[in-house]
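*Asks:* Here you go, one structure.
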Amino acid sequence: MRDLAETCPPRPPVRWADLRQRVLSAAVLAPVALVCLWLGGWAWSVLVGLGAGGIAVEWARLCGGSPWGARGLGVAGAILLAWAVAALGNAGAGLLVLLAGSTLLAVLARRPLLAIGALYAGLSAVALPWLRAEDASGRANLLFLVMVVWASDVGAYIVGRLVGGAKLWPAVSPGKTWSGAGGGLLCAMLAGLLAGSMLAPGPAWRMLGLAGGLGILAQLGDLLESGVKRRFGVKDSSRLIPGHGGLLDRLDGLLAAAPAAALLALVLGRGAFLWR
């Protein structure tokens, strides 16, 4: 009888080639983001604005245009003007500006994808300053959101690489697996439970439920961005962040989850903790 090791096909090696770059990039960027979030005010708003501007440049390039051409400047203008209005304290007017700018892009530029990208990225550029503006709960709510999204991303990466298995949606993202999706969701829920318990303890089922919902949205945002890159035939939105690609690659989960968190905060009322 042959040895079992000889009859079983060798398992493909786990690829961690980009792990070192990912860790180094995170070690630099994460503290900056957390400090700005903690301080709030203009520190946070400026960080969000810089990210929104970078995403506008990447989106214009993905759509085949120059970021300094009329169409690229139109995307940046729609997003950044909406962000500026929201950062000055009027998120409602910021949304109106974003809708108007996206509509003009769709009509005048005749490039619906430019308008869709501006609207999608602009929603977070409005939502994130608005969420942080509430002193009583804004910091805690944003910390909860960020920790859940980060945990989802890290969990999906690690579990997907270690376990592998069936592909989640090969036509959209060949590298993502069901094991990675499950690992990301589990990590998101655990991070939400931990963050909520430390920031403002509430019912465990609500912390787990909110974290699970945001984690699913974060993964859907990741899939959406993968589909966009596949549509345009590129691997990364840019090479800005070593090991991660571009801002769209790094912030895809947050772009999907932040507007949902802001909508929930609006429904619950200003000053409410999202999980209580």
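The values are calculated or read from the model by the stated rules, or taken from the named source; none is laboratory data. Since this is a predicted model, take the numbers as computed values, not measurements. Counting neighbours? That spans all protein chains shown, and the Cβs are built from the backbone with ideal geometry, glycine included.
*Asks:* Which condition breaks for ALA86 when tested against (1) within 21 Å of ALA257 (Cα to Cα); (2) more than 16 Å from the chain's Cα centre (by Cα); (3) surrounded by fewer than 24 Cβ atoms within 10 Å (Cβ to Cβ)?
*Replies:* So the condition that ALA86 fails would be (3).
*Asks:* Determine whether the range 144-155 contains at least one residue that is acidic (Asp, Glu) and either surrounded by fewer than 22 Cβ atoms within 10 Å (Cβ to Cβ) or in the same structural domain as GLY89 (by TED's automatic domain parsing) (or both). Show your work before the answer.
*Replies:* Here is the first cut: in the range 144-155, the ones acidic (Asp, Glu) are 153.
Subsequent filtering for residues that are either surrounded by fewer than 22 Cβ atoms within 10 Å (Cβ to Cβ) or in the same structural domain as GLY89 (by TED's automatic domain parsing) (or both) retains none.
No: the range 144-155 contains no residue that is acidic (Asp, Glu) and either surrounded by fewer than 22 Cβ atoms within 10 Å (Cβ to Cβ) or in the same structural domain as GLY89 (by TED's automatic domain parsing) (or both).
*Asks:* Further question on the same structure: Looking at the range 178-193, is at least one residue without any contact (Cβ under 8 Å) to a residue 60 or more places away in the chain, under 19 Å from ARG161 (Cα atoms), in contact with a Gly (Cβ under 7 Å, 6 or more places away or on another chain) and not in a helix (DSSP H, G or I)? Give the steps one after another, and end with the answer.
*Replies:* Going through the range 178-193, the residues without any contact (Cβ under 8 Å) to a residue 60 or more places away in the chain turn out to be 178-191, 193.
This time we only want the ones that are under 19 Å from ARG161 (Cα atoms), so: 178-188.
Checking which are in contact with a Gly (Cβ under 7 Å, 6 or more places away or on another chain) leaves us with 178-180, 183-188.
Imposing the further condition that a residue be not in a helix (DSSP H, G or I) reduces the set to none.
Looking through the range 178-193, none of the residues is without any contact (Cβ under 8 Å) to a residue 60 or more places away in the chain, under 19 Å from ARG161 (Cα atoms), in contact with a Gly (Cβ under 7 Å, 6 or more places away or on another chain) and not in a helix (DSSP H, G or I).
*Asks:* Quick one: which residue in SER237, SER226 is surrounded by 15 or more Cβ atoms within 10 Å (Cβ to Cβ), at pLDDT below 95 and assigned to a helix (DSSP H, G or I)? It would help to see each step written out before you state the result.
*Replies:* Working: SER237 fails: assigned to a helix (DSSP H, G or I).
Within the list SER237, SER226, the selection yields SER226.
*Asks:* Just wondering, is there one or more residues in the range 115-135 that are among the polar types (S, T, N, Q), buried (at least 22 other Cβ atoms within 10 Å of the Cβ) and at pLDDT 90 or above? Talk me through it step by step, then tell me what you get.
*Replies:* Quick first cut of the range 115-135, residues among the polar types (S, T, N, Q) only: 124.
Okay, now just the ones that are also buried (at least 22 other Cβ atoms within 10 Å of the Cβ), so 124.
Those left that are additionally at pLDDT 90 or above: 124.
Yes: one or more hits.
*Asks:* With GLY221, GLY227, GLY213 as the choices, which residue is within 20 Å of the chain's Cα centre (by Cα), assigned by TED's automatic domain parsing to the domain that holds PRO259, closer than 13 Å to LEU274 by Cα and of a type outside the set (A, V, I, L, M)? Quick ask: steps written out before the conclusion?
*Replies:* Details: GLY221 fails: closer than 13 Å to LEU274 by Cα; GLY227 fails: closer than 13 Å to LEU274 by Cα.
On inspection, the qualifying residue turns out to be GLY213.
The rows are residues; the columns are (1) assigned to a helix (DSSP H, G or I); (2) assigned by TED's automatic domain parsing to the domain that holds GLY54; (3) touching a helix residue (DSSP H, G or I) at 6+ places or on another chain (Cβ under 9 Å); (4) among the β-branched types (Val, Ile, Thr).
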residue: VAL97; (1), (2), (3), (4): yes, yes, yes, yes
residue: SER102; (1), (2), (3), (4): yes, yes, yes, no
residue: LEU108; (1), (2), (3), (4): yes, yes, yes, no
residue: ALA115; (1), (2), (3), (4): yes, yes, yes, no
residue: LEU119; (1), (2), (3), (4): yes, yes, yes, no
residue: SER124; (1), (2), (3), (4): yes, yes, yes, no
residue: LEU128; (1), (2), (3), (4): yes, yes, yes, no
residue: ALA140; (1), (2), (3), (4): yes, no, yes, no
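*Asks:* Also: Yes or no: ALA115 aliphatic (A, V, I, L, M), closer than 24 Å to LEU248 by Cβ and within 15 Å of the chain's Cα centre (by Cα)?
*Replies:* Values: aliphatic (A, V, I, L, M): yes; closer than 24 Å to LEU248 by Cβ: yes; within 15 Å of the chain's Cα centre (by Cα): no.
Spelling it out, it is not the case that ALA115 is aliphatic (A, V, I, L, M), closer than 24 Å to LEU248 by Cβ and within 15 Å of the chain's Cα centre (by Cα).
*Asks:* Among the numbered conditions (1) surrounded by fewer than 24 Cβ atoms within 10 Å (Cβ to Cβ); (2) at pLDDT below 95; (3) within 18 Å of GLY51 (Cα to Cα); (4) among the β-branched types (Val, Ile, Thr), tell me where VAL107 comes up short.
*Replies:* All conditions pass for VAL107, except number (3).
*Asks:* Filter the range 244-273 down to residues that are outside any helix (DSSP H, G or I) and without any contact (Cβ under 8 Å) to a residue 24 or more places away in the chain and give me whichever is nearest to the chain's Cα centre (by Cα). Full working, then the answer.
*Replies:* Residues of the range 244-273 that are outside any helix (DSSP H, G or I), as a first pass: 244-246, 269-273.
Then drop every residue that is not without any contact (Cβ under 8 Å) to a residue 24 or more places away in the chain, which leaves 245, 269.
Values: GLY245: 13, GLY269: 24 Å.
Among residues in the range 244-273 that are outside any helix (DSSP H, G or I) and without any contact (Cβ under 8 Å) to a residue 24 or more places away in the chain, the one nearest to the chain's Cα centre (by Cα) is GLY245.
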